[in-house]
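S.K.: Questions regarding the structure given below will be posed in turn.
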């Protein structure tokens, strides 16, 4: 996924680092989604600072960097971890300031250091960039045509495709109720300029979606599920891989 697709981590991801984080947030009245978004904004600003000021000789988009911002930055595993531990740093900072509790202070200090380390790991590994960014697809539209299939609940996702087979992150999982005697029709909407088509993934249970379009559907067209039903295609991926990595950057400026 791209950094601009949304939060790289969910509240469930945070629990992998801190099992009690939901309890802490509930006790202290901290909204986790807001902290995830705040951490994303701060990490994005820091990455843009690196790309603007310290890597001009290596950045393939240096001439338009101020215009495109971080829209071509790929969420690599080190970057995902940086975002997670920085979110936890912000949460425990607020929890400590709310109660001046030494236990919260210790957690804040721990994640403050972990955030700095994760940032340095990300810059040492490299900021991943894609040369043809495809944003995460939005929720597709769903309709029906007459057909032989029974009433069925479908789970579906779509993703944008660009020349060379590049594929963006799939849309959020969406549930559709198809009536008896119909075939579901899936349409991807609001294509980005770089997209030349879209893939459709469908399944009969949450998280079971597999590829139903061996050849991407063209922009402006719709995918109609064949009368033979779903096929067992490949599972959806997580978006684009980096084409280049930018290594370097100044020491972390936060505290």
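S.K.: Between residue 219 and residue 121, with labels modelled 7 Å along Cα→Cβ, what's the label distance in nm to one decimal, could you check?
M.R.: 3.9
S.K.: What is the distance, in nm, between label points placed 7 Å from the Cα along the Cα-to-Cβ direction at residue 205 and at residue 105?
M.R.: Computed distance between label sites residue 205 and residue 105 equals 5.0 nm.
S.K.: If I histogram all Cα-Cα distances within segment 158-236 using bins 5 Å wide from 0, what percent of pairs lands in each bin?
M.R.: Result, from short to long distances: 3, 15, 28, 26, 18, 8, 2, 0 percent.
S.K.: Continuing with this model, one more query. Please give, to one decimal in nm, the separation of the simple spin-label points placed at residue 97 and residue 27, each 7 Å out from Cα toward the Cβ.
M.R.: In this crude label model, residue 97 to residue 27 measures out at 2.0 nm.
S.K.: Sort all Cα-Cα distances of the chain into consecutive 10 angstrom bins from zero, then give the percent of pairs in each bin up to the one containing the longest distance.
M.R.: 7, 26, 26, 22, 13, 4, 0
S.K.: Want the number for residue 20 to residue 241: 0.36 nm per residue separation, take away the alpha-carbon distance, what's left?
M.R.: 76.3 nm
S.K.: Let me have the relative contact order for segment 141-224, percent, based on Cα pairs under 8 Å that are six or more residues apart.
M.R.: Worked out over segment 141-224, it gives 35 percent.
S.K.: Averaging sequence separations of C-alpha pairs under 8 Å and six or more residues apart, then dividing by the length of the chain, give the relative contact order as a whole percent.
M.R.: Working: 502 pairs, mean separation 51.6, N = 255.
The value is 20 percent.
S.K.: Something else: Rounded, prolate or oblate: pick one for segment 3-133, where a ≥ b ≥ c are the square roots of the eigenvalues of its C-alpha gyration tensor, a/c under 1.5 means rounded, and failing that, prolate if a/b is larger than b/c, else oblate.
M.R.: prolate
S.K.: Moving on to the next point. On C-alpha positions alone, give me the angle between the axis of helix 32-53 and the longest principal axis of the chain, in degrees, nearest 10.
M.R.: 80
S.K.: What number, rounded to the nearest 500 deg cm²/dmol, is the helix-based mean residue ellipticity at 222 nm of the chain, given -39500 (n - 2.57) per DSSP H run of at least four residues and division by all its residues?
M.R.: On the way: 6 runs with 88 residues, N = 255.
It lands at -11000 deg cm²/dmol.
S.K.: Can you give the extra length, in nm with one decimal, that the chain gains between residue 146 and residue 10 once fully stretched, where that is 0.36 nm per residue apart less the Cα-Cα distance?
M.R.: 45.1 nm
A short reminder: the numbers here are calculations on the coordinates, not readings from a lab. Since this is a predicted model, take the numbers as computed values, not measurements. Methodologically, a virtual Cβ is constructed for each residue, glycine included, from the backbone with ideal geometry; neighbour enumeration extends over all protein chains shown.
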